[in-house]
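Working notes for the structure below.
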Amino acid sequence: MARPSLSTICSGSDRVAKRPPHKTRKSRTRRRPPAGSSPGMMRPNPDAHPSQFRLFAFGPDEILERNEIAHDTVVDARKRFPIIWVDVDGLSDIGAIRELGEEFDLHGLALEDVVNVHQRPKAEDYDSSLFVVLRMPEIGNRVSTEQMSMFIGDGFVLTFQETPGDWFEPVRQRIRDPRSRLRVNGADFLAYTLIDAVVDAFFPILEDLGEQLEDLEQDIMEDPRHEHIPLIHQLRRDLLMVRRAVWPMRELINSLLRDDHPSIDTKTQLFLRDCYDHTVQLMDMVDTNREIISGLVDMHLSAASNRMNEVMKVLTIIATIFMPLSFIASLYGMNFDPSKSPWNMPELDWRYGYPFVIALMASVTGGMLIYFRRKGWLGGKRASK
């Protein structure tokens, strides 16, 4: 099957809605260009998803939405509408991505970073656009992230994602609403809205991890088991992945606030300030959960040690009780003939010798149990000195 190009872009009917609680994805190896490669060289990942393109072009009074676009559609939309958003899912079609870069005058180094999906969140200014890289969360059996690249220019926003589906459906719904603020603001405001959607996507993930930590903490307190240790390490890895995504995004948004970028209006920077506050809240949640996880290991070891101490205490009490009983039984198990000497266990000939020994053992056992309980070793209150 021939690969799709920008002139025959895939239909949007094949898009998969990415709902956070149910999205799963296989882990992929991050392939980097060979050492010494020419700058700007675009090498597709063999495991990359097929490229799918989607177009939103809009103004205050009109909107154009296409799930299947051609090159002429993009050119015509740029002439008719003040804002255009091209969303690309899947990075396998290098030719179509390069053609899109030529249309919007994107720098080759930036396009290389789009395809090489191991980038750290960052913002770079180029002549015709501002290039932004984010880590967008996914969640399934494990927490994971994918690279989301964005170009912000005069009247256009381009987004590139590794896999089909995203967290942007509420943004698309707002664009379709003629009363939305997105319809009357510039491309930089649309870019802020997309960045804010990516940042806010981490909140339900961290809340879910926090609930798992609370449940795990309760289980460890009630019944520490060996199965808890792998769960603790898994949650620690998930939090580390979230931290690797959120921490540089906080620096990224701070740079958008601190530095002057031609593509970002001063009014939009006020909204980015709120987005920056969200990243600070996320980092607080990450740090709090990391402290809880660090304490869970110690709690598990302490609870397991306490449980072992309780078991050893019970076994020690049992052994201590049987020590005098064993002594009495072994004493009267000696084979001395009473007929040979009046000192050779005369009580063996006593009529009540056996009941006496049984009563002695019962008395010793009862006395020791009473003593242990008064000392608090059997759950009773410790006797005050």
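If each residue of separation counts as 0.36 nm, what is the full-extension length gain between residue 221 and residue 331 once their alpha-carbon separation is subtracted?
Separation in residues times 0.36 nm, less the Cα-Cα distance, equals 35.0 nm.
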_I want to verify the translational diffusion coefficient of the chain in µm²/s; compute it with Stokes-Einstein, Rh as the Kirkwood radius over Cα pairs, at 10 °C and 1.306 mPa s._
61 µm²/s
*asked:* Can you tell me the mean projection area, over all orientations, of the convex hull of the stretch 213-349's alpha carbons? Units nm², please.
replied: 13.3 nm²
*Using the Karplus equation 6.51 cos²θ - 1.76 cosθ + 1.60 (θ = phi - 60°), what ³J(HN,Hα) coupling, rounded to whole Hz, does each residue of the stretch 101-116 give in order, writing x for Gly and Pro?*
x, 5, 5, 9, 6, 8, 6, x, 5, 5, 5, 4, 5, 5, 7, 7
_Considering only the stretch 89-188, percent of DSSP beta bridges that pair antiparallel, nearest 5_ = 95 percent
*asked:* 7 Å from Cα along Cα→Cβ at both residue 266 and residue 169: what's the point-to-point distance in nm?
replied: 4.0 nm
*asked:* Quick check: residue separation of residue 45 and residue 109 times 0.36 nm, minus the Cα distance between them. What number comes out in nm?
replied: 21.3 nm
*In square angstrom, what is the accessible area per residue of the chain with a 1.4 angstrom probe?*
55 Å²
_For a protection proxy built on the mean count of beta-carbon atoms within 10 angstrom, sort 344-353, 265-274 highest first, please._
265-274, 344-353
*Set the Förster radius R0 to 22 Å, insert the Cβ-Cβ distance between residue 352 and residue 322 as r into 1/(1 + (r/R0)^6), and round the FRET efficiency to 0.05.*
0.35
*Of the heavy-atom accessible surface of the chain (probe 1.4 angstrom), what whole percent is carbon and sulfur?*
54 percent
*Between the stretch 324-344 and the stretch 203-227, how many Å separate their Cα centres?*
60 Å
*Tell me the label-point distance for the pair residue 365, residue 302, using the 7 Å Cα-to-Cβ offset, in nm and rounded to one decimal.*
3.8 nm
*³J(HN,Hα) computed for each position of the stretch 178-191 - Karplus, 6.51 cos²θ - 1.76 cosθ + 1.60, integer Hz, glycine/proline x*: x, 8, 6, 5, 4, 6, 10, 10, x, 5, 5, 5, 4, 5
*For the chain, modelled as a GNM with alpha-carbon contacts under 10 angstrom, which of 76, 188, 89 fluctuates the most?*
76
*Got the relative contact order for the chain handy, in percent, Cα pairs under 8 Å and 6 or more residues apart?*
14 percent
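The values are calculated or read from the model by the stated rules, or taken from the named source; none is laboratory data. None of the values given here were measured: they were computed from a predicted structure. Glycine also receives a Cβ, built like all others from the backbone with ideal geometry; neighbour counts cover every protein chain displayed. Surface accessibility is based on the protein's heavy atoms, side chains included, excluding ligands, DNA and RNA. Shrake-Rupley method; radii C 1.70, N 1.55, O 1.52, S 1.80 Å.
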